[in-house]
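Working notes for the structure below.
The values are calculated or read from the model by the stated rules, or taken from the named source; none is laboratory data. Please read all numbers here as calculations on a predicted model, not as lab measurements. Using ideal geometry, Cβ is built from the backbone for each residue, glycine included, and neighbour counts are taken over all protein chains shown.
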Amino acid sequence: MGVPESRAIRGFARMCMDGWLQGWHERNGGNLSYRMTPEDVEECRAAFSFERPWVPMGVADRSLGGEYFLVTGSGKYMRNVSEDPEGNLGILETDSEGRAYRIVWGLSEGGKPTSEFDSHYLCHVVRARATAGECRVLYHAHPANIVALTFVLPLTASALTKALWQSETECPMVFPHGVGVVEWMVPGGPEIAEATRKAMAEYDAVVWAHHGLFTSGPDFDSAFGLMHTIEKAAQIRVLALSAGQGLLRQAIPDEGLLAVAEAYGKELNASLL
Ligand code: 2HA
Ligand code: ZN
């Protein structure tokens, strides 16, 4: 069996196509990374080659040093991943200090990992820590409605989270911790990586103002489902604000948000209410 048929690559490629079909990945927009399990690595190891050079990252953290990450390539289009995984994806090995990576499979023809790999790596570090090692998937996409809300709502975790929680009854149970926010910054560098790392230490989803959304989760379903739920709630909010010309006549009350979370065994982050 080749690497493209492995469980990890099939799940990853399916998620890339699902995001493309949602309209979240215009051109080469968005990126995805998956911290492989030891079983995933074993399934693929026979096809690895260790000839490409170590490349320093712009960040360093040894807690995930030595782990393997499956990532989308810089400039690659999500819609092309399932057609050609080897050309559009790469498996990266990180060094034991967590400050450099080398490509051991894929990104054929001189490809490089996503420009946001520094952000992904630091977010993997903090999400792994926050979830006792469960979190493995980090997903960045450009869904239109959540981005639209960053032009009309205050750029705070409480304003955005409360607007989303109130917009769809599922929300308090799907993301009871809330959604963090990073103000507008130039993408692709250490500054946005550090700001995202800080926000991700508290939240499993973080909005990048006027740009997009980062979500995380233990598997592809949960990271994709979180993106989908937040974007759906944002769409409902945008529709309601538009239809009401900015006026909302009623919404789910705060006690209702707390009651939904409680009914499903979740603890709502009440500091955001
Ligand atoms: O094009 O989305 O943030 C990739 C990106 C950069
Ligand atoms: Zn982006």
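For this structure, a couple of remarks:
- For the stretch 50-61, the count of residues that are part of a loop (DSSP other than H, G, I, E, B), out of contact with any helix residue (DSSP H, G or I) (no Cβ under 6 Å at 6 or more places or on another chain), within 24 Å of Arg129 (Cβ to Cβ) and not polar (S, T, N, Q) is nonzero.
- Failed item, numbered, when Pro187 is tested on (1) touching a His at 6+ places or on another chain (Cβ under 7 Å); (2) closer than 20 Å to Leu226 by Cβ: (2)
- Within the stretch 29-69, the set of residues being over 22 Å from the mean Cα position of the chain (by Cα) and of a type in the set (Lys, Arg) comprises Arg45, Arg52.
- For the stretch 42-78, a residue qualifies if it is of a type in the set (D, E, K, R), in contact with a Gly (Cβ under 9 Å, 6 or more places away or on another chain) and surrounded by fewer than 17 Cβ atoms within 10 Å (Cβ to Cβ), and exactly one does: Arg62.
- Residue in the stretch 229-246 that is in contact with a Lys or Arg (Cβ under 8 Å, 6 or more places away or on another chain) and polar (S, T, N, Q) present: no
- Of all residues in the stretch 27-36, those being surrounded by 14 or more Cβ atoms within 10 Å (Cβ to Cβ) and either within 16 Å of ligand 1 (Cβ to nearest atom) or part of a helix (DSSP H, G or I) (or both) number 6.
- Members of the stretch 11-36 found to be more than 16 Å from ligand 2 (Cβ to nearest atom), farther than 18 Å from Arg136 by Cα and not acidic (Asp, Glu), listed by number: Met17, Leu21
- Contacts under 6 angstrom Cβ, first residue in the stretch 131-144 being closer than 16 Å to Val179 by Cα, partner within 16 Å of ligand 2 (Cβ to nearest atom) and among the polar types (S, T, N, Q), 6 or more apart: Leu138/Ser33; Leu138/Ser216; Tyr139/Thr215; His140/Asn31
- Selected residue (only one of Ala148, Ala141 is crowded, with 23+ Cβ neighbours inside 10 Å and either closer than 18 Å to Phe224 by Cα or within 16 Å of ligand 2 (Cβ to nearest atom) (or both)): Ala141
- Every condition in (1) within 16 Å of ligand 1 (Cβ to nearest atom); (2) over 15 Å from the mean Cα position of the chain (by Cα); (3) in a helix (DSSP H, G or I); (4) not aliphatic (A, V, I, L, M) is met by Cys16 except one, and the failing one is (2).
- Test for Glu39: is it in a loop (DSSP other than H, G, I, E, B) and surrounded by fewer than 20 Cβ atoms within 10 Å (Cβ to Cβ): no
- A single entry from Ser119, Ser82, Ser108, Ser74 fulfils the requirement of being modelled with pLDDT under 95, of a type in the set (S, T, N, Q) and farther than 27 Å from Glu202 by Cα: Ser108.
- Filter pass, Pro187 being surrounded by 15 or more Cβ atoms within 10 Å (Cβ to Cβ), out of contact with any Cys (no Cβ under 6 Å at 6 or more places or on another chain) and closer than 14 Å to His211 by Cβ: yes
- Every listed requirement among (1) of a type outside the set (D, E, K, R); (2) within 16 Å of ligand 2 (Cβ to nearest atom); (3) under 26 Å from Leu122 (Cβ atoms) is met by Phe50 save one, (2).
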